[in-house]
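Below is one structure, written out as structure tokens; the observations come after it.
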Amino acid sequence: MSDDSRSALKEQGIQTRREVLGDKYVDAALNNATEFNQGLQDLLNEYCWGDGWNKGGLSRKERSLVNLGMLTALGKTHEVAVHTRGAKNNGLTNEQIAAVFLQAAVYCGVPAAVDSFRAATPVIEEMDGE
């Protein structure tokens with residue numbers, strides 16, 4: 001892939017990341033990048049957000065549903081909180097988010113779902129209060 005293609009994908013990724021997670025979150029991530037972790041930020045912006053989130057086949061709303069389920073299964077509660085914000089920004093309702101966690105309880109275990117409800121609750125309360 002050419003440097004121009006990578007640069008365009010990175011810029012598209014930053015735009016998508018902002019649209020899903022919000023400027024405040026993305027600005028904090030980008031402004032806190034260091035020489036040590038800059039490669040991770042580049043990977044996230046180009047590969048995850050530029051390529052992954054912009055593939056066909058799923059809407060952003062559907063991607064958010066899938067992500068919440070997978071993150072619950074993996075026990076990645078910090079990422080559950082981040083992607084709960086994205087899910088709400090992508091149009092998911094609180095009922096749909098709760099349904100993902102309840103479905104995950106059946107297939108991933110109740111403790112995983114409990115952790116996801118705990119991680120998502122403050123985000124939902126904050127966003128619903130805005």
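Against the definition (exposed (fewer than 13 other Cβ atoms within 10 Å of the Cβ), on the phi < 0 side of the Ramachandran plot and among the hydrophobic types (A, V, I, L, M, F, W, C)), how does L68 come out, yes or no? For L68, the condition - exposed (fewer than 13 other Cβ atoms within 10 Å of the Cβ), on the phi < 0 side of the Ramachandran plot and among the hydrophobic types (A, V, I, L, M, F, W, C) - is not met.
Condition test on L92, is it crowded, with 20+ Cβ neighbours inside 10 Å, out of contact with any Phe, Trp or Tyr (no Cβ under 9 Å at 6 or more places or on another chain), outside the structural domain of R17 (by TED's automatic domain parsing) and in a helix (DSSP H, G or I)? Talk me through it step by step, then tell me what you get.
Details: crowded, with 20+ Cβ neighbours inside 10 Å: yes; out of contact with any Phe, Trp or Tyr (no Cβ under 9 Å at 6 or more places or on another chain): yes; outside the structural domain of R17 (by TED's automatic domain parsing): yes; in a helix (DSSP H, G or I): no.
Against the criterion (crowded, with 20+ Cβ neighbours inside 10 Å, out of contact with any Phe, Trp or Tyr (no Cβ under 9 Å at 6 or more places or on another chain), outside the structural domain of R17 (by TED's automatic domain parsing) and in a helix (DSSP H, G or I)), L92 does not qualify.
A Cβ distance below 6 Å, combined with a sequence gap of six or more or placement on separate chains, defines the contacts here; from segment 1-22, residues that are free of Cβ contacts under 8 Å to residues at least 24 places away in the same chain reach residues that are β-branched (V, I, T) in the pairs R18/V26. Restricting attention to segment 22-58, the residues that are under 16 Å from V82 (Cα atoms) and in contact with a helix residue (DSSP H, G or I) (Cβ under 9 Å, 6 or more places away or on another chain) add up to 12. Please verify whether E35 is more than 16 Å from Q15 (Cβ to Cβ), among the charged types (D, E, K, R), assigned by TED's automatic domain parsing to the domain that holds S5 and without any contact (Cβ under 8 Å) to a residue 12 or more places away in the chain, treating the condition exactly as stated. Spelling it out, E35 is indeed more than 16 Å from Q15 (Cβ to Cβ), among the charged types (D, E, K, R), assigned by TED's automatic domain parsing to the domain that holds S5 and without any contact (Cβ under 8 Å) to a residue 12 or more places away in the chain.
Given the structure, is E19 among the acidic types (D, E), in contact with a helix residue (DSSP H, G or I) (Cβ under 8 Å, 6 or more places away or on another chain), surrounded by fewer than 18 Cβ atoms within 10 Å (Cβ to Cβ) and not assigned by TED's automatic domain parsing to the domain that holds A105? Can you show your working first?
Numbers: among the acidic types (D, E): yes; in contact with a helix residue (DSSP H, G or I) (Cβ under 8 Å, 6 or more places away or on another chain): yes; surrounded by fewer than 18 Cβ atoms within 10 Å (Cβ to Cβ): yes; not assigned by TED's automatic domain parsing to the domain that holds A105: yes.
Spelling it out, E19 is indeed among the acidic types (D, E), in contact with a helix residue (DSSP H, G or I) (Cβ under 8 Å, 6 or more places away or on another chain), surrounded by fewer than 18 Cβ atoms within 10 Å (Cβ to Cβ) and not assigned by TED's automatic domain parsing to the domain that holds A105.
When G75, G13, G52 are checked against the criterion of being farther than 25 Å from D115 by Cα and surrounded by fewer than 16 Cβ atoms within 10 Å (Cβ to Cβ), G52 stands alone in meeting it. If you go through segment 53-104 and keep only what is within 12 Å of the chain's Cα centre (by Cα) and either modelled with pLDDT under 95 or of a type in the set (K, R) (or both), you end up with R60, K61, R63, K76, R85, K88.
The values are calculated or read from the model by the stated rules, or taken from the named source; none is laboratory data. Quick caveat, the model's predicted, so the values are computed rather than measured. Here Cβ is always computed from backbone atoms with ideal geometry, including for glycine, and neighbour counts include all displayed protein chains.
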